[in-house]
Each structure stands twice: as structure tokens, then as C-alpha cells.
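**Student:** Submitted below is the structure of interest, expressed as C-alpha cells.
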Amino acid sequence: SVSPRPHCAASARAGGDRGDATAQSHRETAMKRKASNVVAPGAPAAPGDVVGSSETHRAGEGTYADGDAIRCSLLGTVVVEDGVVSTVAKNRRPAIEVGTIVIGEVTRVQQTHAQLDVVAASDRVLDWPAKATLRREDCLPAGKDPSLLNLVAELA
């Protein structure tokens with residue numbers, strides 16, 4: 001008979017109380033290992049990265065407490081001020097103005113306009129979609145009568 005490997009989750013469950021304790025011990029070791037790789041203040045961090053300890057700091061903007069660890073919830077730079085760990089994202093969204101080239105997903109089409117979720121602008125992906133409306137007048141070349149265009153029929 002082959003003895004079960006103690007670090008295997010299925011074997012740990014099959015092993016009864018001893019297996020449960022072993023599985024719990026492995027989970028705790030993994031959490032400690034993850035918590036020891038703390039991103040330093042001033043360094044960039046990604047969502048899920050450990051940026052501090054809840055034993056010594058409080059979670060601020062852009063972070064959350066996860067057991068003994070404080071984790072990053074957005075892409076940005078780690079900042080520690082007055083015992084509060086935060087993640088700050090600078091220039092999260094590019095300015096969208098006249099002439100900006102955007103990429104969007106059409107979310108709704110009606111006879112006179114289409115609604116869009118803009119997902120990228122100025123060669124940068126947005127951190128969350130910006131809502132936009134595209135009028136049928138803006139879909140036509142100059143001089144063409146917009147009342148003759150039905151977007152539902154044209155885009156179907």
C-alpha cells in the first residue's frame with residue numbers, strides 16, 4: 001500500500017484529524033511565506049501583493065486587510081504614512097478630449113445613437129470603462145442626412 005503524501009490536499013482530508021492539522025499547517029506556512037515578501041514603500045505593487053502587516057499598520061486607500069497581511073487592491077505605488085499603508089495610482093486615466101483616439105465596446109444600439117464602454121484611450125487601457133454615446137449624426141460623412149440612417153438596421 002502507498003502511504004499518502006501529507007502535503008496533498010486530498011490525502012490530508014483522507015487522513016482524519018492528523019491530515020486536517022497537516023493541511024492547516026501547510027496553509028499557515030504558505031500564508032507566512034507570502035506575507036514575508038512585502039513590497040517596500042515607494043515600490044510599485046500589483047493587486048494581491050503584500051504591502052504591510054496588519055499587526056503594525058492599518059490598511060488605507062487601495063489596500064485591504066487579509067488576515068495578518070495588508071494587500072494591494074490596485075496597481076500603484078506603496079505609500080506608508082502615520083501607520084497607514086496605501087497604494088497610490090498616479091495618472092490612472094488619460095484625459096479624453098476632442099481628438100483623442102479611443103477604443104470602445106458597443107453596449108447598446110438604438111435608432112438614433114449607440115452607447116459604448118470606452119476601454120482604451122491614447123494608447124492606454126483604462127482601469128475601468130468610461131461611458132460614451134455615439135450619435136448617428138457623428139457616424140455619417142458631412143452633408144449626408146442623418147434622419148435617413150437607422151443605427152439598429154445598419155449595425156445589426
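**Student:** Residue by residue through the stretch 37-52, which ³J(HN,Hα) values in whole Hz follow from phi under the Karplus form 6.51 cos²θ - 1.76 cosθ + 1.60 (θ = phi - 60°), with glycine and proline marked x?
**Tutor:** 8, 7, 6, 6, x, x, 8, x, 9, 10, x, x, 5, 7, 10, x
**Student:** With every protein chain present, what accessible area does residue 139 have (1.4 Å probe, heavy atoms only), rounded to the nearest 10 Å²?
**Tutor:** Residue 139 has an accessible surface of roughly 60 Å² with all protein chains in place.
**Student:** Still on this structure, I have one more. Residues with amide H under 5 Å of residue 89's amide H, sequence separation 5 or more or different chain, H placed in the peptide plane at 1.01 Å from N; which?
**Tutor:** 77
**Student:** Also, I was wondering about something else. From the backbone phi of the stretch 72-77, what are the Karplus-calculated ³J(HN,Hα) couplings (6.51 cos²θ - 1.76 cosθ + 1.60, θ = phi - 60°) in whole Hz, Gly and Pro given as x?
**Tutor:** Karplus values, whole Hz, x for Gly and Pro: 7, 10, 8, 6, x, 9.
**Student:** Taking amide H positions as placed 1.01 Å from N in the peptide plane, with prolines and chain starts having none, which residues 5 or more places from residue 122, or on another chain, fall under 5 Å of its amide H?
**Tutor:** Long-range HN contacts for residue 122: 101.
**Student:** May I ask you to compute the full-extension gain from residue 102 to residue 134, defined as 0.36 nm times their residue separation minus their alpha-carbon distance, rounded to one decimal in nm?
**Tutor:** Working: separation 32, 0.36 × 32 = 11.52 nm, distance 1.21 nm.
10.3 nm is the gain from fully extending residue 102 to residue 134.
**Student:** I would also like to ask the following. Out of residues 5 or more away from residue 70 or on other chains, whose amide H comes under 5 Å of its own, with H placed 1.01 Å from N in the peptide plane?
**Tutor:** 51, 52, 53, 54
**Student:** Would you please classify the overall shape of the stretch 95-155 from the alpha carbon gyration tensor, given that a ≥ b ≥ c denote the square roots of the eigenvalues, rounded means a/c under 1.5, and beyond that prolate means a/b larger than b/c while oblate covers the rest? Write out the running numbers ahead of the final one.
**Tutor:** Details: a/c = 3.26, a/b = 1.74, b/c = 1.87.
It comes out oblate by the Cα gyration axes.
**Student:** Considering only protein heavy atoms and a 1.4 Å probe, what is the carbon-and-sulfur percentage of the accessible area of the stretch 77-156?
**Tutor:** Numbers: 2970 of 5720 Å².
Carbon and sulfur together cover 52 percent of it.
**Student:** With a 1.4 Å probe and all protein chains left in place, how much accessible area per residue does the stretch 117-156 have, in Å²? All intermediate terms of the calculation are to be shown ahead of the outcome.
**Tutor:** Details: 2900 Å² over 40 residues.
Averaged over the residues of the stretch 117-156, the accessible area is 73 Å².
The values are calculated or read from the model by the stated rules, or taken from the named source; none is laboratory data. Worth saying up front: this structure is predicted, and the values here are computed from it rather than measured. Just the protein is used for accessible areas: all its heavy atoms, side chains included, with ligands, DNA and RNA removed. Shrake-Rupley method; radii C 1.70, N 1.55, O 1.52, S 1.80 Å.
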